[in-house]
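*Asks:* Submitted below is the structure of interest, expressed as structure tokens.
Just so it is clear, none of the values below were taken in a lab; they were calculated from the coordinates. Owing to the predicted nature of the structure, the values given are computational and were not obtained by experimental measurement. A quick note on method: Cβ atoms are made from the backbone with ideal geometry, for glycine too, and the neighbour counts reach across all protein chains shown.
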Amino acid sequence: MSTSIQTLRAGLRRHGRDYLELTKPRVVALITFTAMVGMLLATPTMVPWPILLFGSTGIALMAGSAAAINHLVDRRVDAIMMRTCRRPLPSGQLEAWQVLSFALAIGTLGLALLLAFTNPLTAVLTFISLIGYAVIYTLFLKRATPQNIVIGGAAGAAPPLLGWTAVTGHVDSGALLLFLIIYVWTPPHFWALAIHRRRDYADADIPMLPVTHGVAFTRLHILLYTILLFLVTLLPFLTGMSGWIYLAGAVLLGIRFLGYAVRLFATGDDRLALPTFGFSIAYLFGLFAALMLDHYSSLLFKWF
């Protein structure tokens, strides 16, 4: 009896890890963080705790649902690529019906939380983002054009806008500016990974930019988009949305990101692609942390 219980527990732990992997937890953590910063920046006071807690959870669950659908749609491609062949579906740890059931369950729960604790606009926009990533990007754009990540990046750029609307109930310039920052950040972030994994994408017949136009062309576009990103990240300060603390963080982080992009372009060393990708994640986290710190520092100055 004890052996059976131990076997059951081991199975639950193993499949629990598999289901967690379906949600791409590191990606969802960054999505949830940027959504929460969007909430915090949307109001000059504190965000009501039910919106902050349940709104963030709802967005995270729907992002996890989109990721699980991505696993389901891409399961044959994932089996070809070294980076993804050990995922739960291609490795045989989970069946397609289990993944679909899981995605529908957490997506439905996330949508219910957003309807109950935020507002219909946020729920609708989050659902559109889910469809944009899990269906339009994964099923069509990813296989149709080397500009897939540029066109499909709108879905990935939505979280801070969703956080903003969860608090305000409407879309305004501040929400769109946060959206724009992530939208411009996405191509250099993802193309750096695409350079590192270009042989995988070629084997899977996925038309990523380094596969269709070459690595040198991709390096140039990473540099150009990083320059554009640096300029876009100055807009919160220039429009009065944020102050000097944010500006200092944006400039320092932007110079560092530009350094990676310049070295990747100038040296032609593909070994720099993965470090560039890794820093791009830390960059976005740091940039939004600077936005949050600047926002609450301004509030403290007003109070005292």
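*Asks:* For the chain, which DSSP H helices look membrane-span-like by this rule: Cα extent along the axis of 15 Å or more and mean Kyte-Doolittle of at least -0.5? Walk me through the intermediate numbers first.
*Replies:* Working: long enough: 2-22 (30 Å, -0.73); 25-41 (24 Å, 1.81); 56-73 (26 Å, 1.22); 96-117 (31 Å, 1.96); 120-131 (16 Å, 2.12); 173-196 (36 Å, 1.38); 215-232 (25 Å, 2.07); 244-267 (34 Å, 1.45); 273-303 (45 Å, 1.12).
Correct list, ordered by number: 25-41, 56-73, 96-117, 120-131, 173-196, 215-232, 244-267, 273-303.
*Asks:* Find the relative contact order for the chain and round it to a whole percent, using C-alpha pairs within less than 8 Å whose residues are 6+ positions apart. List each step's numbers first, then the result.
*Replies:* Details: 433 pairs, mean separation 56.7, N = 304.
Computed value for the chain: 19 percent relative contact order.
*Asks:* At 7 Å along the Cα-to-beta-carbon direction for both Arg271 and Tyr296, put a label point, then send me their distance in nm to one decimal.
*Replies:* Taking the simple label geometry, Arg271 and Tyr296 are separated by 4.1 nm.
*Asks:* At 7 Å along the Cα-to-beta-carbon direction for both Leu224 and His15, put a label point, then send me their distance in nm to one decimal.
*Replies:* With each label point 7 Å from Cα toward Cβ, the separation is 5.0 nm.
*Asks:* Considering only Gly286, Gly240, Gly132, give the residue with the highest GNM mean-square fluctuation for the chain, with springs between Cα atoms whenever their separation is below 10 Å.
*Replies:* For the chain, modelled as a Gaussian network with Cα springs under 10 Å, the answer is Gly240.
*Asks:* Let me ask something additional. If you average the sequence gap of Cα pairs under 8 Å that are 6 or more apart and divide by the length of the stretch 17-146, what percent do you get for the contact order?
*Replies:* Answer for the stretch 17-146 is 32 percent.
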